[in-house]
1. Under the condition of being at pLDDT below 95 and hydrophobic (A, V, I, L, M, F, W, C), which residue from segment 17-56 is nearest to G105 (Cα to Cα)?
2. Across segment 217-237, what is the number of residues that are among the charged types (D, E, K, R) and in contact with a helix residue (DSSP H, G or I) (Cβ under 6 Å, 6 or more places away or on another chain)?
3. Is there a residue in segment 106-119 that is in a loop (DSSP other than H, G, I, E, B), touching a Pro at 6+ places or on another chain (Cβ under 9 Å) and hydroxyl-bearing (S, T, Y)?
4. Select, from P50, P124, P137, the only residue that is touching a residue at least 40 places away in the same chain (Cβ under 8 Å) and surrounded by fewer than 22 Cβ atoms within 10 Å (Cβ to Cβ).
5. Are any residues in segment 70-102 small (G, A, S) and either touching a residue at least 40 places away in the same chain (Cβ under 8 Å) or surrounded by fewer than 18 Cβ atoms within 10 Å (Cβ to Cβ) (or both), and if so, which ones?
6. Got a number for residues in segment 25-66 being within 21 Å of Y205 (Cα to Cα) and of a type in the set (V, I, T)?
7. Looking at the structure I just gave you, is Y205 within 19 Å of L43 (Cα to Cα), buried (at least 16 other Cβ atoms within 10 Å of the Cβ) and of a type outside the set (V, I, T)?
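The values are calculated or read from the model by the stated rules, or taken from the named source; none is laboratory data. Treat the numbers as computed from the prediction; the structure is a model and nothing was measured. Here Cβ is always computed from backbone atoms with ideal geometry, including for glycine, and neighbour counts include all displayed protein chains.
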Amino acid sequence: MSALLKLRNTLLADRLYRAVRNAVSGPGWGGFHRDRIYRSLMLELLEALPFTSFVETGTYRGYSTELVASRFPKLAVFTVEVVQSTYDRSRRFLGRYPNVTTILGSSDEVVKQLLDERKLGELPLFYLDAHWQQYWPLRKELSHIGAAGGRAVMVIDDFEVPGDDRFGYDIDGGGDITAGEKCNLAYIRTALEPSHDYHALFPKYSMSDAFGPGKTGALRGHVALFQNLRSEYEAFLRRPLIEKHYCGHGELPCR
């Protein structure tokens, strides 16, 4: 680890860095990989549909949670982190938002508990990003969401975009694993409830779209999966941002 990164990871430096960046760029500036199209997708979803809650699995530094919580202060926001030290750090920063509940635990178990206890309302939005450690809870998360029935949207991060190698994705096993099961449609297919209606939305934009002309960043694949929301999905496809930068599954490849 570099000396600069070690300094960045100290509590005092991290608090100062975050305060300065929030003042300059707004709360949650680092959310969704700092990708401005990805961020806009999430905000468009929250504006377009009457979501009753937002659930993030894999809090990490909490930037994505902070963006949603600050923009939608009346929305119930839950964020789950399995690593104690990461949870402690993000909890300190997110404590300023009264609509945020931070939870320490394995996200598949927490998602099931939240659903069983009916804390998420009739239309939750899930941001599933807990697939970096060796244990991947993703398929169990999706299985619990499907078993609960009803309507939901699941945005899965680090997901392979069919036919488009510009977007990065993860391999089951986490970390530096480079061979194995890809995080993609085939990987999650068995976790989806056969009785439900699913529609998928994939990105089709460029690096310059995401970060600006001449700039680079982490262009990460993702999918927005609509569960039992056919008419809402079809209406969402017609929104200008989505028409320009996303495509529905079945239209792939969609550059």
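1. W29
2. Going through segment 217-237 one residue at a time, the tally reaches 1.
3. Within segment 106-119, one or more residues are in a loop (DSSP other than H, G, I, E, B), touching a Pro at 6+ places or on another chain (Cβ under 9 Å) and hydroxyl-bearing (S, T, Y).
4. On inspection, the qualifying residue turns out to be P50.
5. If the condition is that a residue be small (G, A, S) and either touching a residue at least 40 places away in the same chain (Cβ under 8 Å) or surrounded by fewer than 18 Cβ atoms within 10 Å (Cβ to Cβ) (or both), then S70, A76, S85, G95 are the ones that fit.
6. Residues in segment 25-66 being within 21 Å of Y205 (Cα to Cα) and of a type in the set (V, I, T): 1 in total.
7. yes
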